[in-house]
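The values are calculated or read from the model by the stated rules, or taken from the named source; none is laboratory data. In this text the structure is predicted, and so the values were computed from the model without any measurement. Cβ: placed from backbone, ideal geometry, glycine included. Neighbour counts: every protein chain shown. Remember, those area values only see protein heavy atoms, side chains included, never the ligands or the DNA or RNA. Shrake-Rupley method; radii C 1.70, N 1.55, O 1.52, S 1.80 Å.
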Amino acid sequence: DDALLRIQSMERRPHFQEIDGESKLDRALRRGLWFYGGLQQDDGHWPGDYGGPMFLMPGLLVALHTMEQLDKVLSSAHREEMERYLRNHQNKDGGYGLHIEGGSTMFGTVLNYVSLRLLGVDADDPVTKQARGWILSRGGATHVPSWGKFWLA
């Protein structure tokens, strides 16, 4: 959840200043700019939690690997946190869903298994063994839907 981040970001900003005689529209526009300006970080980006979808990170990792840029773009700390995220969101049955609360799917499990391997997790690590077992017990990665085949290609 972004609540803590928003609180911390807004604490470093001065309070919103009302202007006498200002129209409701102008006040609303200024308040919106003040609010989002408070969330914007010094380097210009707006951080936020986009946790949930389990099919976005694999695309990034496959693309970076394909372009031989994985180690150049992602620091070891980033890769470590990505691995932690994947470990924390593996379902009890060893698979992965389309999102963190979803039941395991071939698409989610194959893509996240590949992600773990691209992040350097050993094939014999318990997390990869469980995911691979889930995949093989359901016929193997050839049963992944078309988008999964695209990423595997």
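What to note about this one:
- Calculated from backbone phi, Karplus (6.51, -1.76, 1.60) coupling profile of region 136-151 in Hz, x at Gly/Pro: 5, 6, 10, x, x, 5, 5, 8, 5, x, 4, 5, x, 5, 4, 5
- Placing Thr109, Thr66 in order of accessible area, with the largest value first and a 1.4 Å probe, yields Thr66, Thr109.
- Placing Glu22, Glu81, Glu11 in order of accessible area, with the largest value first and a 1.4 Å probe, yields Glu11, Glu81, Glu22.
- On Cα atoms only, tilt of 76-88 relative to the major axis of the chain in degrees: 70 degrees
- The alpha carbon convex hull volume per residue for region 20-94 rounds to 170 Å³.
- Lys149 contributes about 100 Å² of solvent-accessible surface, heavy atoms of the protein only, 1.4 Å probe.
- Accessible area (Å², 1.4 Å probe, nearest 10) - Asp42: 150 Å²
- Taking 25 °C and 0.890 mPa s as conditions, the chain diffuses translationally at an estimated 135 µm²/s according to Stokes-Einstein applied to its Kirkwood radius (Cα pairs).
- Long-range tail of P(r) for region 70-146 (Cα pairs > 14 Å, %): 58 percent
- In Hz, Karplus ³J(HN,Hα) per residue of region 42-53 (6.51, -1.76, 1.60; θ = phi - 60°; x = Gly, Pro): 4, 7, x, 8, 10, x, x, 7, 10, x, x, x
- Highest GNM mean-square fluctuation among Leu33, Leu61, Leu118, for the chain modelled with Cα contacts below 10 Å: Leu33.
- With all protein chains modelled, accessible area of Met67 [1.4 Å, Å²]: 120 Å²
- Projected label points at Gln8 and Ala28, each 7 Å from Cα along the beta carbon direction, are separated by 3.2 nanometres.
- Within the chain, helix-based [θ] at 222 nm, where runs of 4 or more DSSP H residues each add -39,500 (n - 2.57), nearest 500: -16500 deg cm²/dmol
- Per-residue Karplus couplings for region 54-69, computed as 6.51 cos²θ - 1.76 cosθ + 1.60 with θ equal to phi - 60°, are listed in order as 9, 10, 8, 4, x, x, 4, 5, 5, 4, 5, 5, 4, 8, 6, 10 Hz, Gly and Pro entered as x.
- Between region 48-82 and region 99-151, the C-alpha centres lie 16 angstrom from each other.
- Built amide H within the under 5 Å cut-off of His99, gap 5+: Met54
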